[in-house]
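Can you read through this structure? Questions will come right after.
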Amino acid sequence: MITARGISRSVNGRYILKSIDLEVKDGEVLAVVGPSGSGKTSLLRILNMLERDYQGSVLIGGRDIRDSGMAVRRSMAMVFQKPVVFSMSVYENVAYGLKLRKVPKAEIDARVKEVLALLDMSGKESEYARHLSGGESQRIAFARAYVVKPKLLFLDEPTANLDRQNVAIIEKAVRDINKRYGTTVVIVTHNMAQAKRLADRIAVVIDGELVETGTVKDILEKPADPRTKAFVSGDMVF
Ligand SMILES: Nc1ncnc2c1ncn2[C@@H]1O[C@H](COP(=O)(O)OP(=O)(O)O)[C@@H](O)[C@H]1O
Ligand SMILES: [Mg+2]
């Protein structure tokens, strides 16, 4: 479980996150939605330990992440909006985290093969990753995250720049990793349709505030806050 308490972050004297309390349950898919510039990425970067400049605390497994070491980091994987691939082959990209974790070579080979099949990238092992298309690059970034069987997977608008076919492949892989390994997924998206397709619960962030959290059905059908209603029904300018 991730428990965030009183998370605030100010940059240049302006609060971009305002005392956010949020719980992410083990094994759930939580979508963080909200207009552009509302603070979704800033919040995610605090939860996934990339940003340390904030007030409040984040507990993972009951322990403040400020005091926890590499073990918690290694239980996490992330995929960003802009695909990140390393200057090496597709195989080396996907095997990267397994080599770090000293997994035996035969097991690495088997797991890489399997995850490439899942992301429809079989047979591309020896291709140079930087020469792939945008959609293929993102599938490799996702494969690299998937293959380490993370406990926690953080996704920041992972399909925002992709065409429908690539979106479908990545969304299938999100469902698959969640079901198969019980991976807890936090996905930032401004796309309500995607949140509806993937999430168990939705957290709505508007202007640095966590406006409300609820099941997909509740958020869509009976939002408690008028700002949620406006966002969900597309009235909000973003
Ligand atoms: N390091 C930073 N320095 C200055 N402003 C920032 C920084 N990070 C985020 N912001 C600002 O904080 C607000 C929220 O940004 P962000 O978390 O990226 O929103 P979202 O992901 O919802 O689009 C924006 O106004 C953005 O310009
Ligand atoms: Mg963002």
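The values are calculated or read from the model by the stated rules, or taken from the named source; none is laboratory data. Not measured: the values here are computed from a predicted model. Cβ atoms come from the backbone with ideal geometry, glycine included; neighbour counts cover every protein chain shown. Please note that ligands, DNA and RNA were not included when accessible areas were found on the heavy atoms of the full protein model with its side chains. Shrake-Rupley method; radii C 1.70, N 1.55, O 1.52, S 1.80 Å.
At least 3 residues that are in contact (Cβ under 8 Å) with a residue 40 or more places away in the chain and farther than 19 Å from M78 by Cα in each: list the strands (runs of 3 or more DSSP E) lying fully within the range 176-238 that qualify. Walk me through it before giving the result.
On the way: elements: 184-188, 201-206, 209-215.
By residue number, 201-206, 209-215.
Now for a separate question. For residues in the range 179-212 being more than 16 Å from ligand 1 (Cβ to nearest atom) and among the β-branched types (V, I, T), which is nearest to S36 (Cα to Cα)?
Residue satisfying both the conditions and the ranking: V185.
Yes/no matrix, rows are residues, columns are (1) of a type in the set (S, T, Y); (2) open to solvent by less than 10 Å² (accessible area, probe 1.4 Å); (3) modelled with pLDDT of 95 or more:
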| position | (1), (2), (3) |
| --- | --- |
| G123 | no, no, yes |
| E136 | no, no, yes |
| A141 | no, yes, yes |
| Q165 | no, no, yes |
| R201 | no, no, yes |
| V204 | no, yes, yes |
| T213 | yes, no, yes |
| P223 | no, no, no |
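If P83 satisfies every condition in (1) in contact with a strand residue (DSSP E or B) (Cβ under 7 Å, 6 or more places away or on another chain); (2) within 16 Å of ligand 2 (Cβ to nearest atom); (3) closer than 30 Å to K105 by Cα but one, which is the exception?
All conditions are met except number (1).
Which of the residues belonging to the range 132-149 are in a loop (DSSP other than H, G, I, E, B) and closer than 19 Å to I177 by Cα? If you could, list the steps in order and put the result at the bottom.
Looking only at the range 132-149, we keep the residues that are in a loop (DSSP other than H, G, I, E, B), and these are 132-133, 147-149.
Scanning the range 132-149 gives V147, V148, K149.
Also, I was wondering about something else. Give the residues of the range 25-47 that are surrounded by 22 or more Cβ atoms within 10 Å (Cβ to Cβ) and more than 16 Å from ligand 2 (Cβ to nearest atom), sorted by residue number.
V29
Scan the range 85-108 and report the pairs whose first residue is of a type in the set (G, A, S) and whose second residue is open to solvent by 30 Å² or more (accessible area, probe 1.4 Å), with Cβ atoms within less than 6 Å and a gap of 6+ or a chain change.
Listed by first residue and then by second, the contacts come to S87/R130; S89/S126.
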